[in-house]
1. Does the range B:8-17 include one or more residues that are assigned to a loop (DSSP other than H, G, I, E, B), more than 10 Å from chain C (Cβ to nearest Cβ) and in contact with a strand residue (DSSP E or B) (Cβ under 9 Å, 6 or more places away or on another chain)?
2. Within 28 Å of B:MET40 (Cα to Cα), modelled with pLDDT of 95 or more and either in contact with a strand residue (DSSP E or B) (Cβ under 8 Å, 6 or more places away or on another chain) or within 8 Å of chain B (Cβ to nearest Cβ) (or both), is that true of A:VAL30?
3. Please specify each residue of the range F:36-70 satisfying the condition of being closer than 30 Å to E:LEU50 by Cα and not in a strand (DSSP E or B).
4. Residue under question is D:SER37, and the condition is that it be under 16 Å from C:VAL60 (Cβ atoms), within 7 Å of another protein chain (Cβ to nearest Cβ) and of a type in the set (Gly, Ala, Ser); does it hold?
5. Which number in (1) within 14 Å of C:LEU66 (Cα to Cα); (2) surrounded by 18 or more Cβ atoms within 10 Å (Cβ to Cβ); (3) not acidic (Asp, Glu) marks the one condition that D:THR10 misses?
6. Residues to consider are E:ALA5, E:ALA34, E:ALA62, E:ALA45; find the one that is aliphatic (A, V, I, L, M) and surrounded by fewer than 21 Cβ atoms within 10 Å (Cβ to Cβ).
7. Does B:GLN8 satisfy the condition of being polar (S, T, N, Q), within 11 Å of the chain's Cα centre (by Cα) and under 17 Å from A:GLY28 (Cα atoms)?
8. Would you confirm whether any residue within the range F:42-49 is in contact (Cβ under 8 Å) with a residue 24 or more places away in the chain, among the charged types (D, E, K, R), touching a strand residue (DSSP E or B) at 6+ places or on another chain (Cβ under 8 Å) and more than 14 Å from chain D (Cβ to nearest Cβ)?
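The values are calculated or read from the model by the stated rules, or taken from the named source; none is laboratory data. In this text, all values refer to a predicted model and were calculated from it rather than measured experimentally. Ideal geometry is used to build each Cβ from the backbone, glycine not excepted, and the neighbour counts take in all protein chains shown.
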Protein chains: 6
Amino acid sequence: MKFGARNQVTATVEELVEGGVMCQVKLGQVDASAGMSSVMTLESARDLDLKPGDRVRVVVKAIHVLLVKD
Amino acid sequence: MKFGARNQVTATVEELVEGGVMCQVKLGQVDASAGMSSVMTLESARDLDLKPGDRVRVVVKAIHVLLVKD
Amino acid sequence: MKFGARNQVTATVEELVEGGVMCQVKLGQVDASAGMSSVMTLESARDLDLKPGDRVRVVVKAIHVLLVKD
Amino acid sequence: MKFGARNQVTATVEELVEGGVMCQVKLGQVDASAGMSSVMTLESARDLDLKPGDRVRVVVKAIHVLLVKD
Amino acid sequence: MKFGARNQVTATVEELVEGGVMCQVKLGQVDASAGMSSVMTLESARDLDLKPGDRVRVVVKAIHVLLVKD
Amino acid sequence: MKFGARNQVTATVEELVEGGVMCQVKLGQVDASAGMSSVMTLESARDLDLKPGDRVRVVVKAIHVLLVKD
């Protein structure tokens, strides 16, 4: 299965923060020191049955990536 | 300076692919094996005066991150 | 494989319009009369090896969906 | 009135799920079997005065559409 | 007609920069000194029949707005 | 510090509406009559230590700007 997006890494779910509608999924990345986060609907998080320790693919379209230069 | 976004890494510009309106900036990440890409207007890329070797901050809001689970 | 996104349909690639950096992929949807379009980098389109007639899964996070009411 | 977006369908509001800040609007689509969802601020949902049965126009820019191929 | 988005202004089209697939629409804002830009597919720009001097409504969902603090 | 985005204004934080996961930041713009809003994770809002009266830079990539024409 291939995704039409330039940015893809594998990560591990570390924590889920659930709100009334949205859910923040905190990720530990394998190859990077910095953590990452995804926000999706609570409904999507439950569909994926996400829980700490799960391995997930992280997909970001290049157009959503902002560059900042000092 | 602080950014209201959960995902931030530092990367090095490796290559710029210029089109008529848009510009793809290919990045090598310090802490990860996989490359990344950003797409912005050519005008923005020129404003940033991006060239291979430049160090940039990569910023992605959590809402733009899609998770996929096998 | 499951996606953390509320909107998913299956569609058929009808036409690819290639620019210098970006590529517009025009889709015919199975269950809807209206066509759809996706824009990605040319590089992603080539990675997916997209060509007319291909069946693809169309994924859109709910946060990117704008509602308009008369 | 015309929208600068490649993807537009008409749908019916089926349910609103309200959180503290965001609101998920579940949609039934006329021409498709699958349901759709939009997430917006609660404030926007109230401005639109959305309620089940309302007809809305669903607008998505092509750049937000991710394609996945098996 | 009401839009499910927190950010809406009126602006005037100043210039169109056309690429192979995308089109950058440069805007002059009525109430602000700074110019703005929108990028859409060339096809959308032609559907809107955009030309310098046109009055357009500029719509941005709050989730797409990044805040930066010194 | 330069941002790879076509739309940048300065604004003042007027109000924060906190939910379980997300936070809406209402902004008063200097040069425009209309208010603006950003939505980010509560965690990001706390990282920025946002409070009413703070001056922030508002950054929006051109691709996230939708134009509508009557």
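1. First, the residues of the range B:8-17 that are assigned to a loop (DSSP other than H, G, I, E, B): none.
Within the range B:8-17 (the criterion being assigned to a loop (DSSP other than H, G, I, E, B), more than 10 Å from chain C (Cβ to nearest Cβ) and in contact with a strand residue (DSSP E or B) (Cβ under 9 Å, 6 or more places away or on another chain)), the answer is no, since none of the residues qualifies.
2. Working: within 28 Å of B:MET40 (Cα to Cα): yes; modelled with pLDDT of 95 or more: no; either in contact with a strand residue (DSSP E or B) (Cβ under 8 Å, 6 or more places away or on another chain) or within 8 Å of chain B (Cβ to nearest Cβ) (or both): yes.
It is false that A:VAL30 is within 28 Å of B:MET40 (Cα to Cα), modelled with pLDDT of 95 or more and either in contact with a strand residue (DSSP E or B) (Cβ under 8 Å, 6 or more places away or on another chain) or within 8 Å of chain B (Cβ to nearest Cβ) (or both).
3. Matches in the range F:36-70: F:LYS61, F:ALA62, F:ILE63, F:HIS64, F:VAL65, F:ASP70.
4. Working: under 16 Å from C:VAL60 (Cβ atoms): yes; within 7 Å of another protein chain (Cβ to nearest Cβ): yes; of a type in the set (Gly, Ala, Ser): yes.
Considered against the rule, which asks whether it is under 16 Å from C:VAL60 (Cβ atoms), within 7 Å of another protein chain (Cβ to nearest Cβ) and of a type in the set (Gly, Ala, Ser), D:SER37 comes out as yes.
5. (2)
6. Details: E:ALA5 fails: surrounded by fewer than 21 Cβ atoms within 10 Å (Cβ to Cβ); E:ALA62 fails: surrounded by fewer than 21 Cβ atoms within 10 Å (Cβ to Cβ); E:ALA45 fails: surrounded by fewer than 21 Cβ atoms within 10 Å (Cβ to Cβ).
From the options E:ALA5, E:ALA34, E:ALA62, E:ALA45, the qualifying one is E:ALA34.
7. Working: polar (S, T, N, Q): yes; within 11 Å of the chain's Cα centre (by Cα): yes; under 17 Å from A:GLY28 (Cα atoms): yes.
Here the answer is yes, as B:GLN8 does meet what is asked.
8. Kept after step one, since they are in contact (Cβ under 8 Å) with a residue 24 or more places away in the chain, are these residues of the range F:42-49: F:42, F:45.
From what's left, among the charged types (D, E, K, R): none.
Scanning the range F:42-49, I find no residue that is in contact (Cβ under 8 Å) with a residue 24 or more places away in the chain, among the charged types (D, E, K, R), touching a strand residue (DSSP E or B) at 6+ places or on another chain (Cβ under 8 Å) and more than 14 Å from chain D (Cβ to nearest Cβ), so the answer is no.
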